[in-house]
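Input: a single structure, listed below in structure tokens.
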There are 2 protein chains.
Amino acid sequence: MSEFRKDPITGRQVIVAPHRAQRPRELGVTNNRSPAAPCPFCAGNEALTPPEIWAMRKAPTQPNNPRWSVRVVPNKYPALIQSNPWSRNSDSFYDSQNGVGAHEVIVESPDHVTSLSALGVEQLTDVMGAYHQRMGALRSDPDFRYLLLYKNQGDRAGATLEHIHSQLIALPFVPAEAASELSGADTHYKLTGRCIYCEIIERERREGTRLVLDHEMFIAFCPYAPRFAYETWLIPKIHAAIFEESTQRDLPAFGRALHDTLARIDKALDDPPFNYFIHSLPTALTASPHYHWHLEILPQLSRAAGFELGSGAYINSVAPEDAARLLRDALL
Amino acid sequence: MSEFRKDPITGRQVIVAPHRAQRPRELGVTNNRSPAAPCPFCAGNEALTPPEIWAMRKAPTQPNNPRWSVRVVPNKYPALIQSNPWSRNSDSFYDSQNGVGAHEVIVESPDHVTSLSALGVEQLTDVMGAYHQRMGALRSDPDFRYLLLYKNQGDRAGATLEHIHSQLIALPFVPAEAASELSGADTHYKLTGRCIYCEIIERERREGTRLVLDHEMFIAFCPYAPRFAYETWLIPKIHAAIFEESTQRDLPAFGRALHDTLARIDKALDDPPFNYFIHSLPTALTASPHYHWHLEILPQLSRAAGFELGSGAYINSVAPEDAARLLRDALL
């Protein structure tokens, strides 16, 4: 059973989840699946995962059988569990509550693919459709306040299984990073009456130095103050606060833009390990004039270490203008 | 030339330092020093570093010559430079300023030692003395607002050279993590009239479940809401806000407590990679009744990945009560 604990000084939230120590390759132990052991995410091995929550099937096959294109299952070692009874344990100093939430895994290909950019645009659009479906479904659960869709690709980016997959965690609170963005965007809106993300899009398209691609519906760019070398954000050009409200026209365009961006990153940097996540509006809020959903890609070529952990600031040895130039030219 | 850049949405500070890309093993490239190349931190190789800033010498030898016990040199690839002229470049949206600051390296042994716990208590006390001396010296520079002393030990914790060393960065602002601690401690003090760290010490000593060691002057404990497995904090029992004001009696006691703590971590976890840092009061402030200096040790057995980067919350698969028990029993 996991629990949320709050640091009494900073309010930082930690999920203490002891059962996760049983995961393959947790805690520096080398992957304890023997190389011959079957991959639980490959089609045909559906029995190796918990029963599926949802799948995109091109043919009318039964759940937990092959012939799916994207498959969503509960995390076998969940950080949070939906059916946990809510309970709080607080003595006015140390505060904890039960680990109520959801923790799903989106398996992004039936084949043993290890790099998302290897997928065709059609399959990648199916993957975006799965994100959209699951975030939409969890959004309506009143127990949850925030949904975080994230990916770890590559050992050095924290992936414990190499078959491409993303994860979706539903939290009963709005976490610090999201709260910080929302608060900054709100302040900017109050001062200027404008969405700060819309202003960034306008400015990046006008200046061009940090722009990676400019499609009909999305742009990708290296942000002005990136934490990591080659950090790249993907954002819809038309103002939209909630990813889950994307239309059937948005998803293929999102798939194309993501494919183009990842192909550039993989070509320029030789398939680097990376993390990405979608930041969308907290579930309790509806249309927002000041927030704008987006996806942040963080290549993990060097790692956040003592300075970053101790300060909360970052040292980045690649200027975003240089990174964007390399990514723009990568497919020439 | 490096610069500070501020993210316009969250205010997150980034140091963009392109010259650092030339470091050995930066950006995932394997250490490009050949194995036969001399280590720049070993005694006898003083000419391979920039001229020393300070050294503890047991014999009256000349600077930049052997027979030192701890040696402090400028970082060869500094993130910040002290002599940079201060200048700010802001268009009211994107804000940057010159990378003014200091970036020093404390070489912690004249011999090619790769684990801090291998040092004897006397040498470790000399190392603490070097931290104390350099932080004290930089504290009086009015250009700086915050000093961060930090260590990366082991490749997986971000060390680019294996010979034990720490780094000291002086910043012209109080960074987010320090600001968050100060603000939380200040709020607690206003509400209760007490230092929150003193309360934590009292409580951890009374409960004992998260206590690792209880020396005459210091305790080590696993904090209630730890970001990482086996995270351990070391803190003086008597209220003191500023590490640099430690007395000649404190430093040997600090050396003994750190030695005991690291010996337990290394024994229990088989010399894990780790980061540590000292959090002390910002330089502009003097005696503070609400803040309390301390050292945080963060073993890097699993890494912060997509969830942590996207949310600012952490998933930790080892409860601090279990971690503390293992560390308490490690030397039995």
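Take every Cα pair under 8 Å in the range A:79-219 that's 6+ residues apart, average their separations, divide by the length, and report that relative contact order as a whole percent.
21 percent
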**Asked** Carbon and sulfur atoms: what percent of the 1.4 Å accessible area of the range A:170-236 do they account for?
**Response** 50 percent
**Request:** Only Cα pairs under 8 Å and at least 6 apart count here; give the relative contact order of chain B as a rounded whole percent.
**Result:** 16 percent
**Asked** In a GNM of chain A with a 10 Å cut-off on Cα contacts, which of A:287, A:157, A:79 has the highest mean-square fluctuation?
**Response** A:287
**Message:** Which positions within the range B:308-325 get 50 Å² or more of their accessible surface covered by the other protein chains, compared to the chain by itself, with a 1.4 angstrom probe?
**Reply:** B:309, B:310, B:311, B:314, B:315, B:317
**Positive-end residue, the protein assembly as shown charge dipole about Cα centroid, Cβ charges, pick of B:319, B:4, B:87** = B:319
**Request:** Kindly give the distances from residue B:63 to its copy-mates, label point to label point, with each label point 7 Å from Cα along Cα→Cβ, as nm values to one decimal ordered shortest first.
**Result:** 7.3
**Request:** Starting from a label point 7 Å past Cα on the Cβ side, list the distances from residue B:88 to the same position in the other copies, nm, shortest first.
**Result:** 4.1
**Complete:** Computed over the Cα atoms of the range B:110-250, the Rg and Dmax in Å are 16.7, 50
**Request:** Give the residues of the range A:271-291 whose amide nitrogen is closer than 20 Å to a point set 7 Å from the Cα of residue A:191 in the direction of its Cβ.
**Result:** A:289-291
**Prompt:** According to the Kirkwood expression over distinct Cα-Cα pairs, how big is the hydrodynamic radius of the protein assembly as shown, in Å?
**Reply:** 26.0 Å
**Request:** Report the calculated FRET efficiency for residue B:94 and residue A:62 (r = Cβ-Cβ distance, R0 = 56 Å), to the nearest 0.05.
**Result:** 0.55
**Request:** Would you mind estimating how fast the range A:194-332 diffuses translationally, via Stokes-Einstein at 20 °C and 1.002 mPa s with the Kirkwood radius over Cα pairs, in µm²/s?
**Result:** 137 µm²/s
**In the range B:227-267, trypsin sites (Lys or Arg not before Pro) in a DSSP loop with at most 15 other beta-carbon atoms within 10 Å** = B:249
**Request:** Residues in the range B:276-313, backbone N under 20 Å from the label point at residue A:22 (7 Å along the Cα-to-beta-carbon vector): list them, ranges by number please.
**Result:** B:302
**Asked** Per residue, how many Å² of accessible area does the protein assembly as shown show with a 1.4 Å probe?
**Response** 38 Å²
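Report the Rg/Rh value for the range A:78-133, based on alpha-carbon coordinates and the Kirkwood definition of Rh.
Rg/Rh: 1.26.
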**Asked** For residue B:248 and residue B:112, what is the calculated FRET efficiency with R₀ set at 30 Å and r taken between the beta-carbons, to the nearest 0.05?
**Response** 0.50
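Which three semi-axes in whole Å describe the equivalent ellipsoid of the range A:1-156, each the square root of 5 times a Cα gyration tensor eigenvalue, listed largest first?
They are 31, 20, 15 Å, listed from largest to smallest.
Quick check of the Kirkwood formula: for chain A, what is the inverse mean of 1/r over all pairs of different Cα atoms, in Å?
21.0 Å
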**Request:** List the GluC sites (Glu not before Pro) within the range A:138-230 that fall in a DSSP loop (any state other than H, G, I, E or B) and whose Cβ has at most 13 other Cβ atoms within 10 Å.
**Result:** A:216
**Message:** Report the A-B buried area as the accessible area lost on both sides summed, probe 1.4 Å, in Å² to the nearest 100.
**Reply:** 7000 Å²
**Item:** Stretchable slack from residue A:47 to residue A:202, in nm (0.36 nm times residue separation minus alpha-carbon distance)
**Value:** 50.9 nm
**Request:** Using only the alpha carbons of the range A:192-250, determine the length spanned along each of the three principal axes and report them from longest to shortest in whole angstroms.
**Result:** 32, 28, 21
**Complete:** Out of B:41, B:255, A:132 - ranked by how far each Cα lies towards the positive end of the dipole of the protein assembly as shown, with unit charges on the beta-carbon of charged residues - the top one is B:41
**Message:** Students sometimes get this wrong: rank B:125, A:187 by accessible area, probe 1.4 Å, all chains present, largest first.
**Reply:** A:187, B:125
**Message:** Treating the point 7 Å from Cα along Cα-beta-carbon as the label, what are the nm separations from residue A:121 to the other copies, to one decimal?
**Reply:** 6.9
**Fill in**
All alpha-carbon distances of the range B:171-275, grouped into 10 Å bins from 0, give the whole-percent distribution 12, 39, 38, 9, 0
**Message:** Ignoring ligands, DNA and RNA, please state the percent of accessible area on the range A:42-153 from carbon and sulfur, probe 1.4 Å.
**Reply:** 51 percent
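The values are calculated or read from the model by the stated rules, or taken from the named source; none is laboratory data. Small disclaimer: the values here were computed from a predicted structure and weren't measured. We place every Cβ from the backbone using ideal geometry, glycine too, and count neighbours over all the protein chains shown. Ligands, DNA and RNA are excluded from the accessible area calculation, which covers all protein heavy atoms including side chains. Shrake-Rupley method; radii C 1.70, N 1.55, O 1.52, S 1.80 Å.
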